[in-house]
2 protein chains.
Amino acid sequence: MELGLLYSGGKDSTLAALLLKEFYDVTLLTAHFGVTDDWKHARATAESTEFTFERLQLETGVAEEAAEQIREDGFPRNGIQMVHQHALERAAEEGYDAVADGTRRDDRVPTVSHAQAQSLEDRHDIDYIAPLSGFGRTAVDCLVENTLDVTVGPSEEITRADYEAELRALLVDSAGEAAIGDLFPDHEQTHVTDVR
Amino acid sequence: MELGLLYSGGKDSTLAALLLKEFYDVTLLTAHFGVTDDWKHARATAESTEFTFERLQLETGVAEEAAEQIREDGFPRNGIQMVHQHALERAAEEGYDAVADGTRRDDRVPTVSHAQAQSLEDRHDIDYIAPLSGFGRTAVDCLVENTLDVTVGPSEEITRADYEAELRALLVDSAGEAAIGDLFPDHEQTHVTDVR
């Protein structure tokens, strides 16, 4: 069975791929808007794995809408959620038997509710799978420690390819560099450098 | 890392074991009250896998309380939920790094809420993992079809080792054979005969 996994090059989506690989032919899908070249970081990480890598082109209008939402809200949650749902819809249109992402049990954003999952499955006649949604934070940390080489740092300094990088770039253009620190409170993100 | 997985010999808990085996040393734990010998069905299935099998003794008082709850309610949901939570508590006391079960995204019972998972983890300093909770019914069915040989039939006729068999036996004693059909509406259960 062919499965398309939304892939950022971060530890969660890399671990998700490893959990699924015995059961599906996994393709790593890095969704991007064409705003920046950050997707290349995910491709570089993907090359250290055995998985096929593909870019998934998102609609620029959704990026602009999400950036506007983040400016209005003053925090990124709803904007990132909007982009993630769009990315899942796009992935579901690509003809895979199943689509998946790296959302964890303890994630606050993005989240995919039971109703959203069912709706995606019914509309596209596809399975939606969240292989990490039964794992808490410490369980994921344990698996990562045993399986991946990970670089950890503040979001601003590491090179990953989630939607945030492109939304930040759009917001620097529209709201200025100074606004970014307020809109995206400090948090650690990770970038996988190698799969053991 | 050592993981204890609540195991009935059914397709869900068998699939859960296969999903976890690359990451944990999995022990199959069949919880039982000592009311019937149904746990031997799970042991027989476990022998067709590569996993270690252990019995997990539950407290008889909990079985009696659950059977009483089912009689009062007129349906099994709350009683089975009560036993499952007790089984998770018992498994968490056994010294594993993590405990797991085969609950799926679309299961109505038993369920383990985010709050219950967090509480179990905090009180026992353990990870709780539900590897199938990110998989819907059709995804599980696909994986089972590709991975396991499964016998499907009405609950009354197949030989599995979930808590239901022992609760039924208790209820036959206390409420009579005729009550069982009313208390446990027909539903299909599965019993794994072999792992491919």
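Looking at B:Leu19, B:Leu28, just one residue is touching a strand residue (DSSP E or B) at 6+ places or on another chain (Cβ under 8 Å) and hydrophobic (A, V, I, L, M, F, W, C), and that residue is B:Leu28. If the condition is being surrounded by 14 or more Cβ atoms within 10 Å (Cβ to Cβ), among the acidic types (Asp, Glu) and modelled with pLDDT of 95 or more, then the range A:93-146 contributes A:Glu94, A:Asp97, A:Asp101, A:Glu121, A:Asp127. Being within 20 Å of A:Arg105 (Cα to Cα) and either within 14 Å of chain A (Cβ to nearest Cβ) or of a type in the set (D, E, K, R) (or both) holds for only one residue in B:Thr14, B:Thr111, and it is B:Thr111. Tell me whether the range A:58-73 contains one or more residues that are within 26 Å of A:Glu2 (Cβ to Cβ) and basic (Lys, Arg). Within the range A:58-73, none of the residues are within 26 Å of A:Glu2 (Cβ to Cβ) and basic (Lys, Arg).
One residue stands out among those in the range A:27-58 that are out of contact with any helix residue (DSSP H, G or I) (no Cβ under 8 Å at 6 or more places or on another chain) and of a type in the set (Gly, Ala, Ser): the one that is surrounded by the most Cβ atoms within 10 Å (Cβ to Cβ), which is A:Ala42. Apart from one condition, A:Asn78 fits all of (1) away from chain B (no Cβ under 14 Å); (2) surrounded by 15 or more Cβ atoms within 10 Å (Cβ to Cβ); the exception is (2). Does A:Thr45 meet the test of being over 13 Å from the mean Cα position of the chain (by Cα) and of a type in the set (Ser, Thr, Tyr)? For A:Thr45, the condition - over 13 Å from the mean Cα position of the chain (by Cα) and of a type in the set (Ser, Thr, Tyr) - is met. Please tell me if A:Thr159 is surrounded by fewer than 23 Cβ atoms within 10 Å (Cβ to Cβ), of a type in the set (Val, Ile, Thr), under 23 Å from B:Asp101 (Cβ atoms) and at pLDDT below 95. The answer is no for A:Thr159. Among the residues of the range A:116-131, those that are touching a helix residue (DSSP H, G or I) at 6+ places or on another chain (Cβ under 7 Å) and at the interface with chain B (Cβ under 9 Å from one of its Cβ atoms) comprise A:Asp127, A:Tyr128, A:Ile129, A:Pro131.
The values are calculated or read from the model by the stated rules, or taken from the named source; none is laboratory data. Everything quoted here is computed from the prediction, not taken from an experiment. Note that each Cβ is placed from the backbone with ideal geometry, even for glycine, and that neighbours are counted across all protein chains shown.
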